[in-house]
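Just below is one structure, and these are the notes that go with it.
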Amino acid sequence: MPPRRHDRIDALRGLAIVWMTAFHFCFDLNHFGWLKQDFYTDPFWTWQRTAIVSLFLFCAGLGQAAAVEQGQRWPRFWKRWAQVAGCALLVTAGSYLMFPRSFIYFGVLHGIAVMLIIVRLTAGWGRWLWLAGALAIAAKFAASHAHALGVAPGFLNDAAWNWLGLIGRKPVTEDYVPLLPWLGVMWWGMAAGQWLLRRRPERVAGRLPTAAAPLAWLGRWSLSWYMLHQPVLIGLMTAWRWA
């Protein structure tokens, strides 16, 4: 039997989609010179990015909690995982064409592909997932402090290792979502999903207000939207510039 969708999780993911699309629209306007903003250091934009990524990863954890609760088997998991991993490779190729000096080699889809496996394998940790998530988030700040003191290995900043997130300086790339601290957010999503499904199932599986139905639809097609929205936005802006 196909898994039962939880509209409330889909709607929350849809909210992240809307926010991300608006953010990327502004980013593209800036790229074409129609907006003058610093998306790389201005807290107004960097904190939005952090919030958007956090919401996506938290929803991914919620979704895995629902999948495990419904008894999803590994073959179905791997089928979905292959879609995410394949799209991550496409993102790398596309970003290399547009930003050859700062292409995306470990962005949000790359991170999700790795984190999904870890979160699925640790689904049985129960309440310990809260502690694991906290430690994963704390590890990022501990690593930054260790680098500042000069006691952290320098190779952790190299491209071969910086996907772990134990860095002292951010790499030059258009999107960077390393394992730490972001695994902690997905672990918290899994922990929250398990708790809600066990103690407050109506908060996850309850009826969705009619007005939120479009968000749920977006959430169900989140990967497709993610892959298509930027080519469409950039294509439209390019056509407008040439018009």
Leaving ligands and nucleic acids out of the surface, order Trp163, Trp242, Trp130 by accessible area at 1.4 Å, largest first.
Trp242, Trp130, Trp163
Assigned charges on the beta-carbon of Lys, Arg, Asp, Glu; segment 153-235 dipole about Cα centre (debye)
520
Output wanted: per-residue J couplings in Hz (rounded whole) for segment 73-82, from phi through Karplus 6.51 cos²θ - 1.76 cosθ + 1.60, θ = phi - 60°, x for Gly and Pro.
8, 4, x, 5, 4, 5, 4, 5, 4, 4
Tell me the carbon and sulfur percent of the accessible area for segment 157-210, rounded to whole percent, probe radius 1.4 Å.
59
Keeping all protein chains in the complex and leaving out DNA, RNA and ligands, what accessible area do you get for His31 with a 1.4 Å probe, in Å² to the nearest 10?
90
Spin-label model distance (nm) - Leu121 vs Met98, 7 Å beyond Cα toward Cβ:
3.3
Starting from the 7 Å offset along Cα-to-Cβ, what nm value, one decimal, do you get for the label separation of Ala148 and Leu90?
4.1
Segment 131-148 versus segment 4-78: alpha-carbon centroid distance in Å
23
FRET efficiency estimate (nearest 0.05) - Cβ-Cβ, Leu228 to Lys79, R0 30 angstrom:
0.90
On a 1.4 Å probe surface of the protein chains, which of Val185, Val119 comes out largest in accessible area, and what is the full order?
Val185, Val119
Which of Ala88, Gln72, Gln48 sits farthest toward the positive end of the charge dipole of segment 46-143, with +1 on the Cβ of Lys and Arg and -1 on the Cβ of Asp and Glu?
Gln72
Taking one equal scatterer on every alpha-carbon of segment 136-180, how large is log10 of I(q)/I(0) by Debye at q = 0.24, 0.27, 0.31 1/Å?
-0.80, -0.99, -1.21
As a check on your grasp of the helix formula, calculate [θ] at 222 nm for the chain: sum -39500 (n - 2.57) over DSSP H runs of n ≥ 4, divide by the residue count, round to the nearest 500.
-23500 deg cm²/dmol
So, relative contact order of segment 146-243 in percent, Cα under 8 Å, 6 or more apart, is 12
At 7 Å along the Cα-to-beta-carbon direction for both Ala22 and Arg169, put a label point, then send me their distance in nm to one decimal.
3.5
Cleavage-rule hits, trypsin sites (Lys or Arg not before Pro), segment 15-118, DSSP coil, Cβ neighbours within 10 Å at most 16:
Lys36, Arg73, Arg101
Rank these residues by their accessible area, most exposed first, probe 1.4 Å: Thr122, Thr238.
Thr238, Thr122
Average accessible area per residue (Å²) across segment 49-195 - probe 1.4 Å, nucleic acids and ligands excluded:
50
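The values are calculated or read from the model by the stated rules, or taken from the named source; none is laboratory data. Just so we're clear, the structure is a prediction, and the values are computed from it rather than from any experiment. Note that each Cβ is placed from the backbone with ideal geometry, even for glycine, and that neighbours are counted across all protein chains shown. For the accessible areas, the whole protein counts, side chains as well, though only heavy atoms, and no ligand, DNA or RNA atoms are used. Shrake-Rupley method; radii C 1.70, N 1.55, O 1.52, S 1.80 Å.
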